[in-house]
1. Since Trp159 meets every condition but one in (1) closer than 21 Å to Met72 by Cα; (2) among the hydrophobic types (A, V, I, L, M, F, W, C); (3) not in a strand (DSSP E or B), which condition does it not meet?
2. If you go through segment 70-88, how many residues are outside any loop (DSSP other than H, G, I, E, B), open to solvent by less than 70 Å² (accessible area, probe 1.4 Å) and out of contact with any strand residue (DSSP E or B) (no Cβ under 7 Å at 6 or more places or on another chain)?
3. Please tell me if Thr91 is part of a strand (DSSP E or B) and either crowded, with 16+ Cβ neighbours inside 10 Å or out of contact with any Ser or Thr (no Cβ under 8 Å at 6 or more places or on another chain) (or both).
4. Only one residue in Ile168, Ile111 is at pLDDT below 90 and farther than 19 Å from Asp65 by Cβ. Which one?
5. With Val18, Val7, Val51 as the choices, which residue is closer than 30 Å to Leu148 by Cα and either of a type in the set (A, V, I, L, M, F, W, C) or at pLDDT below 70 (or both)?
6. Name the residue, out of Asp97, Asp172, Asp108, that is under 30 Å from Asp44 (Cβ atoms), surrounded by 14 or more Cβ atoms within 10 Å (Cβ to Cβ) and in contact (Cβ under 8 Å) with a residue 12 or more places away in the chain.
7. How many residues does segment 42-69 hold that are under 17 Å from Leu189 (Cα atoms), in a loop (DSSP other than H, G, I, E, B) and either touching a residue at least 24 places away in the same chain (Cβ under 8 Å) or open to solvent by less than 50 Å² (accessible area, probe 1.4 Å) (or both)?
8. So which residues in segment 136-160 are under 26 Å from Phe43 (Cβ atoms) and open to solvent by 30 Å² or more (accessible area, probe 1.4 Å)?
Amino acid sequence: MDRAKYVGLYLRDVQPDVCLRNLNALVSRHPHQVEAVTPVRDFDLARYSFVEGVDVVASLDSRPDLTEMTPMEFEHFVRQLFEARGLEGWTTERTGDDGVDAVVTNPDPMIGGLTIVQAKKYNGVIGVSHVRELVGAMDEKRAGRGILVTTSWFASGCWTKARENGRIELIDGGRLRYLVKEHLQKDVLVAPPSPRARMWQS
């Protein structure tokens, strides 16, 4: 269309749908109605090195003792626990993981995100230094949240540190047993807390 003819047009008389069809545009049935698109969250996983997943849950006895697992088996077990909760998870390589044992993601565009996980198969108390290590890994990997999972229990300072940070979740042996029972339907054993730890938890 030449300029003279274009200037003489009254745009209020232009029918958008007819115009778009004439231009062979691919649009919804009405130009003012857009099609709903599922929101997608794209996570940067290039920061991590993963290993092939191992099915540890399938090899458990009817009443397994989690403290008898190897550290690597426990890391895979924790990943499977999060996967059983509907998340997507990966176990990282043992060397060069920068304090990250697993990565789990929730694609929900409103409340989802990327979380790094540290899995500590211990029989003794977990100190505040482990929480500080997790905070450092979160900053290094730019992770939104961090979870520290253990077969044992946490010193009282760990709970205080986690509350102050606001982005850290602590799962001790008792909580781990509950989650395994709820999501994996397994009755497991963990390290019993010391008498002093029982006083902290009461």
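1. Unmet for Trp159, out of (1) closer than 21 Å to Met72 by Cα; (2) among the hydrophobic types (A, V, I, L, M, F, W, C); (3) not in a strand (DSSP E or B): (1).
2. 6
3. Yes; evaluated as a whole, the condition is true for this residue.
4. Only one candidate passes the filter, namely Ile111.
5. It is Val51.
6. When all the criteria are applied, what remains is Asp97.
7. Number of matching residues: 6.
8. Across segment 136-160, the qualifying residues are Gly136, Asp139, Glu140, Arg142, Gly144, Arg145.
The values are calculated or read from the model by the stated rules, or taken from the named source; none is laboratory data. Keep in mind that this is a model prediction, so the values were computed, not measured. Cβ atoms come from the backbone with ideal geometry, glycine included; neighbour counts cover every protein chain shown. Note: areas computed on protein heavy atoms with side chains; ligands, DNA, RNA excluded. Shrake-Rupley method; radii C 1.70, N 1.55, O 1.52, S 1.80 Å.
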